[in-house]
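Enquirer: Take this structure first; my questions come after.
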Amino acid sequence: MAEPLRVLLHNAETAALAERLHDSHPGIACFECQSYAALPAMLARHRPDVVFAVRFAGSKGYPRDALLGPEGPAWIANGGVGVDHLGQWDPARVTVTNAAGVASEMMAEYVLGAFLHFTLDVPGLQQDQRHKVWAARQMRRLQGETLLIAGLGHTGRAIAARAKAFGMHVIGTRARPQAMAHVDEVHPADDLVRLMPRAGFLAVSTPLTPRTRGLIGRAAFEAAMPGLVLADVSRGGVIDPPALLAALDAGRVAGAALDVFETEPLPADSPFWVHPRVLVSPHCSAVWEGWEEASFDLFLANLARWRAGAPLWNVVDPTRGY
């Protein structure tokens, strides 16, 4: 009799996931690991075929060497979208998938909500309310404005659909340009700086790769339309922090909603915490009630494909990062 498929669940809490796995795929050997430190020993002991892994305690200390080492699995199912914490891997030895698409609609709502935060001058209204000041404030319409989306993957396309509902003109960049719904113009990724002067709004939703690190830096901000409002839901490192701070201080960027940072948690001495034109959120634009269940649903469906020998969904190309 063949040995059962061995699956290891790596998350802060795994009991509910293990129960769902057994219900959906009876007969599988399931193992649970709730810390980064314990993972290498668990891999060596159980030699799982598949690991469902969530970056639940940040990138620092993530046990990527163990996961990608000789005792690692044949398939790593990343419970989130970004895989930059895994670095590079040999796709001939290990397959990596992600949960792209699961949280794209929530992240798109975050982006449009962030835009409205600044266009409706919510900070100013709250300040006036605290001081009981009755003074009209100037609003800024989204309708008729141009939105530039850096990265037209699942999240970028979801942002475009919602931006169209507000009557925005949508342009975007993509490594492999092709026409798509809700986007008026699709341009190559290398055209980003050239497009910056046209856009009053910028949504950053591209993965972090060697090619995109520092993509939005001094050149992009110097080319930007004055009064730019941006929202970053990509990964820390795509936007160059010193260049963004300089653009904020110069008034070229009117508002920045930042959900991702190069160092997380954001250090207490970061100037972003106290900047009057910055909205800081703790990498939570993809967090909504039910997202973990949706991510695991995708994994369970993909596991059925794996067992049937069918091609997996959301296979990540290590050279492209998505």
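Enquirer: With the full set of protein chains in place, find how many percent of the accessible area of segment 128-232 is carbon and sulfur; take the probe as 1.4 Å.
Expert: Numbers: 2860 of 5430 Å².
That fraction is 53 percent.
Enquirer: In Å², what does the accessible area per residue of segment 52-170 work out to with a 1.4 Å probe?
Expert: Value returned for segment 52-170: 47 Å² of accessible area per residue.
Enquirer: If you put +1 on each Lys and Arg Cβ and -1 on each Asp and Glu Cβ, how big is the dipole of segment 1-110 around its Cα centre, in Debye rounded to 20?
Expert: 300
Enquirer: Using a Debye calculation, one point per C-alpha and no hydration shell, please list log10 I(q)/I(0) for the chain at q = 0.07, 0.11 Å⁻¹ in order.
Expert: -0.32, -0.74
Enquirer: How far is the Cα center of segment 305-322 from the Cα center of segment 72-109, in Å?
Expert: The distance from the Cα centre of segment 305-322 to that of segment 72-109 comes to 9 Å.
Enquirer: Ok, one more. With the dipole of the chain worked out from charges on the C-beta (+1 for Lys and Arg, -1 for Asp and Glu) around the Cα centre, which of 223, 310, 233 lies farthest toward the positive end?
Expert: The residue sitting farthest along the positive end of the dipole is 223.
Enquirer: Now for a different question. For segment 33-177, what does the convex hull of the Cα positions come to per residue, in cubic angstrom?
Expert: About 142 Å³ per residue, rounded to a whole number.
Enquirer: Related question: Which percent of the accessible heavy-atom area of segment 1-82 goes to carbon and sulfur, probe 1.4 angstrom?
Expert: Details: 2110 of 3900 Å².
Exposed carbon and sulfur together represent 54 percent of the surface.
Enquirer: Now, a different point. Let me have the 222 nm mean residue ellipticity of the chain computed from DSSP H runs of 4+ only, each contributing -39500 (n - 2.57), with the sum over all residues rounded to the nearest 500.
Expert: One gets -8500 deg cm²/dmol as the mean residue ellipticity at 222 nm.
Enquirer: Now for a different question. Report, in order of residue number, the helices in the chain meeting two criteria: a C-alpha extent of 20 Å or more along the helix axis, and a mean Kyte-Doolittle hydropathy of at least 1.6; treat each whole DSSP H run as one helix.
Expert: Numbers: long enough: 104-119 (23 Å, 0.71); 291-308 (26 Å, -0.08).
Helix filter hits for the chain: none.
Enquirer: Mind ordering 241-250, 7-16 by average Cβ neighbours within 10 Å, highest first? Before the final figure, lay out each step's value.
Expert: On the way: 241-250: 17.4, 7-16: 19.0.
So the order, starting with the most tightly packed, is 7-16, 241-250.
Enquirer: When the scattering of segment 172-322 is computed by the Debye formula from its Cα atoms alone, each counted once and equally, what is log10 I(q)/I(0) at q = 0.17 Å⁻¹?
Expert: The Cα Debye sum returns log10 ratios of -1.08.
The values are calculated or read from the model by the stated rules, or taken from the named source; none is laboratory data. Predicted, not measured: the structure shown is a model, and the values here were computed from it. Here the Cβ is made from the backbone with ideal geometry for all residues, glycine too, and neighbour counts use every protein chain on show. Note: areas computed on protein heavy atoms with side chains; ligands, DNA, RNA excluded. Shrake-Rupley method; radii C 1.70, N 1.55, O 1.52, S 1.80 Å.
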